[in-house]
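Below is one structure; the comments refer to it alone.
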Amino acid sequence: MIYLPTSRMKKLLFILRPAALIGIGLLLAIVSAALSQPVSTASSLSAEAAFAAQTTATAPVTDSSQIGSTDGIMLMSVLIVLIIVVPILVRRKNWS
C-alpha cells in the first residue's frame, strides 16, 4: 500500500521545511558567532590573572617541508579514485 500525503499534510510540509532550514541556519549562525568571540584581554582581568596571562616570546618556526613534495597527496588521491571507480566498473560489467 502506498501512502500519499493529504493536501493538509502537503501544506504543513510546505511551511515546516523552510522553517526548519531557517532554524538550522540561525542556529549555525549563533553558534559560529559565539565561538568566534575574542578571549578576554589582560586589561579586563584581575591583577593575579593579568600576571598569569603575560605574553611570552614565540619560538621561531622551523619549516621541515620540502617544496614540491606532493607525492603522498597524489598517492592518496589515486587510491580514493580507485576505491570509487573500481566498484562502479565491476557493477557495470555485471549489468551488461
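Computed extension length for I84-K10: 22.9 nm, one decimal, from 0.36 nm per residue of separation with the Cα-Cα distance subtracted. Using the Cβ-Cβ distance between R91 and I24 with R0 = 30 Å, the FRET efficiency computed as 1/(1 + (r/R0)^6) comes to roughly 0.30.
Read the figures in this text as sums done on the coordinates, not as results from a lab. A quick note: this is a predicted structure, and the numbers were derived from the prediction, not measured. Neighbour counts are summed over all protein chains in view; Cβ atoms, including those assigned to glycine, are modelled from backbone coordinates with ideal geometry.
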